[in-house]
Amino acid sequence: RPRGWRAPAVSVSVSTVLSGAAAAGVIATGTFGSRDEIPLAFKIGGFVSRVLVDEGATVHRGQLLASLDLREIDAAVAKAHVGFDKAQRDQARMQRLAADSVATLVQLQDATSALDAARSDLITATVNREYAAIVAPEAGIVLQRQVTAGSHVSAGATIILLGGTRRGRVLRVGLPDRDALRVTLGDAATIRFDALPERAFIGRVQLVGRSADPRTGTYAVEITVNGADALPSGLVGTATIAAHGATGEASSG
């Protein structure tokens, strides 16, 4: 070789070496369903008069889903109206008597307080009448129907579980802490369902829980599933998440 000769520079690539588990991404199994599952209940107890939807039904916002027997409720509203009307008359009569110095100031104040109480009773009865019916707060799918017509229910007991569609549908999985720390919002995922093994769906992580479930010790992760709107809720699916650190970073020099 001539004196001073140097070999030409050669470009090389350097890749971070990852363990087999990391290279494969994060794999987890979960259940597909609406992101928002809304329990619907009556504000007061009573006998169910009608349930107008079955499980699996698609409903629109404002649609009547169920109602209570209104006979006792309407009687309570009528009674509250009568009490309010009487309290108005009593308070007006006491005002006239007080103006003529026949009634005392305390008697007028008592009549005014009674009127305020009767007004509150009427408002309460009217609100209870309004909430003796369950309407859909948003469009969605009926996931569960808990009662039938003729059943007696308590105030606040879930009558219908509605899967809302406003915020979409997701695959919910639980990840152990090691995997949860690698997953970030926006990570791509491939989802396969046990019932449709030949199809693969694409999605992205849209929620990563910040605290562990006290029962399982896992962190909740929600993954959007593209093109799965027609699928029923409850399907079991497996997601492979291209989590943070799941692929090597290459550089050239």
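The values are calculated or read from the model by the stated rules, or taken from the named source; none is laboratory data. This one's a predicted model, so the numbers in the text were calculated from it and none came from an experiment. With ideal geometry, Cβ positions are generated from the backbone for all residues, glycine too; neighbour counts draw on all protein chains shown. Note: areas computed on protein heavy atoms with side chains; ligands, DNA, RNA excluded. Shrake-Rupley method; radii C 1.70, N 1.55, O 1.52, S 1.80 Å.
Peptides 182-192, 210-220 ordered by packing proxy, namely the average of other Cβ atoms within 10 Å per residue, highest first: 182-192, 210-220. 3J(HN,Hα) along segment 109-118: 5, 5, 5, 5, 5, 4, 5, 4, 5, 5 Hz, from the Karplus curve 6.51 cos²θ - 1.76 cosθ + 1.60 with θ = phi - 60°, whole Hz, x for Gly and Pro. Solvent-accessible surface of segment 150-253, taken per residue with a 1.4 Å probe and all protein chains present: 56 Å². If the segment from Ala230 to Ser211 were pulled out straight at 0.36 nm per residue, it would be longer than the present Cα-Cα gap by 3.7 nm. Summarising the amide proton neighbourhood of Asp36: residues at separation of 5 or more, or on other chains, whose placed amide H is nearer than 5 Å comprise Gly164, Arg167.
Residue ranges 130-137, 164-171, 89-96, 55-62 sort as 164-171, 130-137, 89-96, 55-62 when ordered by packing (mean number of other C-beta atoms within 10 Å per residue, highest first). Look at (1) 23.9; (2) 18.0; (3) 27.5: the one that is Kirkwood radius over Cα pairs in Å derived from this structure is (1).
Close amide-amide hydrogen proximity is noted between Arg50 and Ser67, each under 5 Å apart and 5 or more residues distant or on a separate chain (H modeled in the peptide plane; Pro and chain starts excluded).
For the pair segment 90-132 / segment 138-197, the C-alpha centres are spaced 49 Å from each other. In the chain, helices alone account for a calculated mean residue ellipticity at 222 nm of -8000 deg cm²/dmol, with every DSSP H run of four or more residues adding -39,500 (n - 2.57). The fraction of accessible area contributed by carbon and sulfur in segment 181-231 is 53 percent, rounded to a whole number (1.4 Å probe; ligands and nucleic acids excluded).
Here the relative contact order of segment 140-253, from alpha carbon pairs under 8 Å that lie six or more residues apart, stands at 27 percent. In the chain, the longest principal axis of the Cα atoms and the axis of helix 71-99 are about 50 degrees apart. The HN-Hα couplings worked out from phi for segment 129-145 by the Karplus form 6.51 cos²θ - 1.76 cosθ + 1.60 (θ = phi - 60°) are 5, 5, 8, 7, 10, 10, 10, 5, x, 7, 5, x, 10, 6, 8, 9, 10 Hz, whole numbers, x standing for Gly and Pro.
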